[in-house]
Each structure stands twice: as structure tokens, then as C-alpha cells.
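Read-outs throughout are calculated quantities, based only on the coordinates presented, and are distinct from any laboratory measurement. All values derive from a computational prediction rather than experimental measurement. Cβ: placed from backbone, ideal geometry, glycine included. Neighbour counts: every protein chain shown.
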Amino acid sequence: MHAFGSGACAGRRFAVWMPCLLAGIFCVPGCKIDSSVPDVASCDDCDAPDRCENEVCVRAEPTMPGDAGALDAAQHDANAAVDASEAGAPVGRCEPGTILACFDGPAAAAEQAPCAPGHRTCSDAGLWSACDEQVLPAAERCNQLDDDCDGSSDESFDLQQNRAHCGACGNACASGQQCCAGECVDPRSDALHCGACGNACTMDTACCGGECVDSQSDADHCGASCVKCAEGQACCSGACADLGSFQHCGACGNACDPGTQLCCGGSCTAAAACGA
């Protein structure tokens, strides 16, 4: 049974104006009935944009086709609701004090530490707060933690070649060094990584200045330490030798007879002749 009398028809209205005589029900002219919504008992149940009249909650006027401003406002509210929904935030008013779990990142990330859900709280004004105390995915860092919450830690870093994290997070190579196979090496002198990682020098060669050279005979890079021999010396079997000695007279390995000869002018000569 529909209400009638002075004032509104107990808050029930049609979406458009209709004659007050409808289906045998008598109403005061100008009333509207909305059969699509339940009766609202009192103003305690009113929410904007409804209003209270004579202690009865009256439904808001429907937007008429010619009201462009109202249509724009309605469209703006609808768009805002869609945006909020897509962002994961609840839409609409809420009961003050209500608390909901929330997470603004990918759902799967919420289950991976250090990520963690937060919570939204309904304010005294009936509005939801932002998602507080949540921990969202971050850019991966080399720290043995799963910063981006994808189930793997430090996967963005090659500990075998990364100079800033060589062999382990935070183990940085010094200036001039390279990270080769998880170790900091000097490519200018490392025989296993000469000039570049994995470039190993062969036997009888040494890594000198980033190049593999003949360490047994090169007077400029003699021996494993790449020593530069002095003037008048030669690199003999990896060691700098005086070419005026009877062991290397004039050339590496040219030994004079220690009992009868001396090295004179780079050649082995009889002791008497050398003395003369």
C-alpha cells in the first residue's frame, strides 16, 4: 500500500513525473513514486544526495535529459568510481571503523616477502583511507633479498662478471680490475685473464701490460714479472743476464771455458789473448 497525504509520498518516487492518480492510488498532485527502491523509514537512513523532508528520507531527483551540468557531474563520478575500482580501492561509502586488507601491487607479490599487505580504514566521514603499511615491490638490489617480490633474489646481477658485486653482493673490484669467474683480477698481469676474462697465456709466456709475450727471451718483458733488462743484458731463460759473462758471452747460452777462456768483447777468447 503506497503512502499518501501532505508532504512527499513517504519518500517513494518514480524516476519521472507522473499523474498522481495511478492504478487506483490517490496521491497529492505533484508527488512521485519510485517502485524500484524500498521505503526509507527515517532520515537516519539518508545518504547524499537524498534529503530529509518532514522526517522522511526523500529520494534525489533523477537527472533529466536536458541537464547537461548534472550529466557531466554524474559522468565524472562514474569515471572516478571506475578509476578507484581499477586501482583496487573499494568504491562507495563505508561503515566508520571498518578495516579491510589491501595491496596495490600484483596479487602474487603480496605472498612474497618482503612484500606485505596493508589495510584501509573507514573514517568517521564514511570514506576509505589509503592502503596503509603495505610493502610494495621495489627495484631489485643486490642484497640477498627479493626486493621485487617475484620469488627470486638478486637475479638481476651476474656475480661472475659484475665489478660492483664480484662473487658476492657488495664485493666491488678495485680500479683497473675486472670480475672474472667471480674473482677480481688485474687483466694487465693475470696470466689466466690477460687483457680479457678467459684469455689465458700459454707456457713460456707471461701477461705483460694485458698481452701474452715471450717471457723467456723478451728483454723488455723478461720472466713472469715482466722485467725490462738493463742495457748490455739479454733475457735468457726468463732471467736478465750480462752478455759479458762467461756463461752468456755475447749471447744467451754462449758459455766460455772457465779454465782457459774469458769473455772479451762479446766472444770467448783465450785468457792470454784477452789480457793482451
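Summing +1 for each Lys or Arg and -1 for each Asp or Glu among the other residues whose beta-carbon sits under 11 angstrom from that of Arg120 gives -3. All other residues whose Cβ lies under 15 angstrom from that of Gln233 are scored, Lys and Arg at +1 and Asp and Glu at -1, for a net of -3.
Please work out whether the range 155-197 counts as rounded, prolate or oblate from its C-alpha gyration tensor, where a ≥ b ≥ c are the square roots of the eigenvalues and a/c under 1.5 means rounded, while otherwise a/b larger than b/c means prolate and anything else oblate? Here the range 155-197 falls in the prolate category.
Measuring r between the beta carbons of Cys274 and Met203 and using R0 = 45 Å, the FRET efficiency lands at 0.70. Based on alpha-carbon centroids, what's the gap between the range 188-238 and the range 99-157 in Å, whole number please? About 56 Å separates the Cα centre of the range 188-238 from the one of the range 99-157. In terms of its C-alpha gyration tensor, the range 92-156 comes out prolate, because a/c is 1.5 or above and the ratio a/b outweighs b/c. Compared with the alpha-carbon gap, the fully stretched path from Ala181 to Ala107 is longer by 22.9 nm at 0.36 nm per residue.
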